[in-house]
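All remarks here apply to the structure that follows.
Taken together, the values in this text are just the output of simple stated rules run on the coordinates, not laboratory data. Since we're looking at a predicted model, the values are computed, not measured. Virtual Cβ from ideal backbone geometry, glycine too; neighbours counted across all protein chains shown.
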There are 2 protein chains.
Amino acid sequence: MSRCAMIQNTRRTQRGEPALSRERIISAAIDLLDTSGESGLTFRALAAQLATGAGAIYFHISDKGDLLGAACDSIVVQALATADTHAAPQERLRAIGLALFDAIDAHPWVGAALSDAPGTMPTVRILESVGQQVQALGVPDDALWAATSALLSYILGVAGQNAANARLGQARNIVREDFLHQLANQWGQLDAAAFPFTRAVAAQLPLHDDRADFLAGIDLILVGITARRSG
Amino acid sequence: MSRCAMIQNTRRTQRGEPALSRERIISAAIDLLDTSGESGLTFRALAAQLATGAGAIYFHISDKGDLLGAACDSIVVQALATADTHAAPQERLRAIGLALFDAIDAHPWVGAALSDAPGTMPTVRILESVGQQVQALGVPDDALWAATSALLSYILGVAGQNAANARLGQARNIVREDFLHQLANQWGQLDAAAFPFTRAVAAQLPLHDDRADFLAGIDLILVGITARRSG
DNA sequence: ACCTGAACACCGTTCAAGT
DNA sequence: ACCTGAACACCGTTCAAGT
């Protein structure tokens, strides 16, 4: 460490004012996203919370996409660490799915962020975790990609829907249950001839446990994967 | 028709200038979205294309969400009409999936729009089409929702990823193949100990046929659904 | 090297004023 | 009834000027 940096560091520590850093910015961004939603993350609001100027942030972050990606990655890393058990592949895949489901439930903006930057770290981490377990399941090499990408697409699909639901609920400032009741009402008023299935399913809609539904979908795909293996 | 409206209508027809209408606005919005992407849809650009003022649009459309939803619905209706064959349920479900895949490939913004407003018409139409065929497949009532929502989530998940890929490619102004090669390169440079699966799959990435992968995922879920049924 | 904050080039949306 | 277009309250990003 250079003498200059030491002095500056000491001075800042004495004053109790740590220097602006990438980590501090990302952490403040997560706070802002959790409390005010995606639309609450603004360079001006972020600067205010960090007691600095809006332009200062650009010294540590390249742009808003970078910021959102880093915030998302931070949550995904935490979630996947939770699922890092020593269970069998099937159980492990369920744990990965649930860990991500719960993380997105707690931080809805993560669901949208995952779809925003395909192929970047957060998605790659999920791909890796899922792929390793699918491989451990004994799926042959030529079916590995189809099985893994199906699971990944399903997980990201549920993530996106959950995020949208949460965003809508937040925008209208209503709780999940009220939102589902409103939706059930709308669906119930659709044309009976054109939408029989939707109407039939509308009544049960508010009673569904999204988490259980999500797990049922994972299980369905796993049945498909293992049925193929032994077929 | 009132005398006033008749006169106005006649005058406009004679001048070859049809009045601004919801349909004309939505059609212009689709053009704009197809040619300039999601960021190209602006009330100012839309007004310019329609040779009117920005505020005039609000007389026929409530806000940007309404506009995007209506544009999305228009494409989904067309796509689902294509898949309305007389084939068996399994084949019909594949046709629905492929019709949506192709529509989103042609109009990438539809993928994002589908995730934006959960429970609204475009998604409900897909839910209905899929649900009817799952029912026709002979799935028992208590498994109907799990099977249908799994298929729906998977379809929406792939839609979102495809949309993001297209958006990224458009932003960087590169073709799909170049994008996948860049991604394969990045993935190949990941840490070998932490990302063995991703590294192994990176090389094959640019060779994959997304459309075939999508269909393989549908088949996997269908295997899971029918295995359950007879289990 | 790092930070400040005014300025720039945009947005969606509103609304008095027109026809 | 329908349209106009300036105005309002925002954005992300840049950049001269400071320390």
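Things to note:
- Temperature 25 °C, viscosity 0.890 mPa s: under these conditions the Stokes-Einstein estimate for the range B:75-199, based on its Kirkwood radius over C-alpha pairs, is 151 µm² per second.
- For the range A:149-231, the relative contact order is 28 percent, taking Cα pairs closer than 8 Å that sit 6 or more residues apart in sequence and dividing their mean separation by the residue count.
- Calculated P(r) of chain A - Cα pairs past 31 Å, %: 39
- Ratio Rg/Rh, restricted to the protein assembly as shown and using Cα atoms, in which Rh is the Kirkwood radius: 1.01
- In summary, the range A:29-88 shows an alpha-carbon radius of gyration equal to 1.39 times the 2.2 N^0.38 Å reference for compact globular proteins.
- Residue B:60 paired with residue A:66, simple spin-label distance in nm, labels 7 Å along Cα-to-beta-carbon: 4.3
- Normalising the average separation of contacting C-alpha pairs (under 8 angstrom, six or more residues apart) by the number of residues puts the relative contact order of chain B at 17 percent.
- Take residue A:208, move 7 Å from Cα toward the beta carbon, and the resulting point lies 2.6 nm from the same point in each other copy, nearest first.
- Taken over the Cα atoms of the range A:171-231, the convex hull encloses 125 Å³ per residue.
- Given their separation in residues at 0.36 nm each and the Cα-Cα distance between them, residue A:82 and residue A:52 gain 7.3 nm when the chain is fully extended.
- Computed helical MRE - 222 nm, the protein assembly as shown, DSSP H runs ≥ 4 contributing -39500 (n - 2.57), nearest 500: -24000 deg cm²/dmol
- Per-residue Karplus couplings for the range A:194-208, computed as 6.51 cos²θ - 1.76 cosθ + 1.60 with θ equal to phi - 60°, are listed in order as 8, 10, x, 5, 4, 5, 5, 8, 4, 4, 7, 3, x, 8, 5 Hz, Gly and Pro entered as x.
- For the range A:17-46 versus the range B:93-114, the inter-centroid distance based on Cα atoms is 35 Å.
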